[in-house]
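Worksheet: the structure to be examined is printed underneath.
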Amino acid sequence: MIDRVIALGGTIQFRADAGAASDQKRVDDVREISFASRSQPRARQSSPTYVVDDISALVHFENLESLDLRGTQATDLAPLAELKSLKKLVTKNHVPDCDISSIATLVALEELDLGATEVSDLTPLQHLVNLRKLRLRLRPDFDPTPLRQLKNLDLIEFVPSIDSSPQIPHMVFLKRINEELGDSLPHCKFEIGKGDP
């Protein structure tokens, strides 16, 4: 399982005290998986390039705490529902109106980056009571209502899309968000980010 993730271009971080053990023990010791390096050009490619579009094998990493899906082309996020220990999640999915309902079960999440994901329905996020940092795509049709219940939020960062500047003046958008969420989330900071990392 671990070899398959590495072969597909992912990097894996083990728990600090993890030693040599069986494959299942090794899977249990995995704390971080990142596919972000796949988006970086490689000087010398020693193995064939694979397109990662199926993340169903991730359900075996039950103790995973951090997952970065940048560099994949996964469109089905349903396998993420099994990752109950996940504290940080970065997605990248350019499917219009991506279904993030599987994220609703990830109540341990503290940091969620949907800045490169097209999402219009944020209702599943209202269950993420431990969320402290949220990154979202700037959209003119943004409905902040589901976020009002996330009292632990310290930061909501909105990532402008390439074509958002003419449609949404950033300061006007931030004023509207502050008016709609400021009373519910008095300790939360709202800002416009720089775009995809």
- Item | Whichever lysines have a C-alpha closer than 19 Å to that of residue 194, once near sequence neighbours (fewer than 8 apart) are set aside | 92, 133, 175
- Message: If R₀ is 30 angstrom, what is the calculated FRET efficiency for the pair residue 178 and residue 108, using the beta carbon separation as r and rounding to 0.05?
- Response: 0.60
- Note on the structure: The computed P(r) of the range 76-139 puts the percent of Cα pairs beyond 17 Å at 29
- Length gained if residue 51 through residue 189 is fully extended, taking 0.36 nm per residue and subtracting the Cα-Cα distance, is 46.0 nm
- Determine the sum of side-chain charges near residue 118: Lys and Arg each +1, Asp and Glu each -1, restricted to other residues whose C-beta is under 9 angstrom from that of residue 118. +1
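Since every read-out is calculated from the coordinates, none of them should be taken as a lab result. Everything numeric in this text was worked out from a predicted model, so none of it was measured. Because the Cβ atoms are built from the backbone with ideal geometry, glycine has one as well, and the counts that use them run over all protein chains shown.
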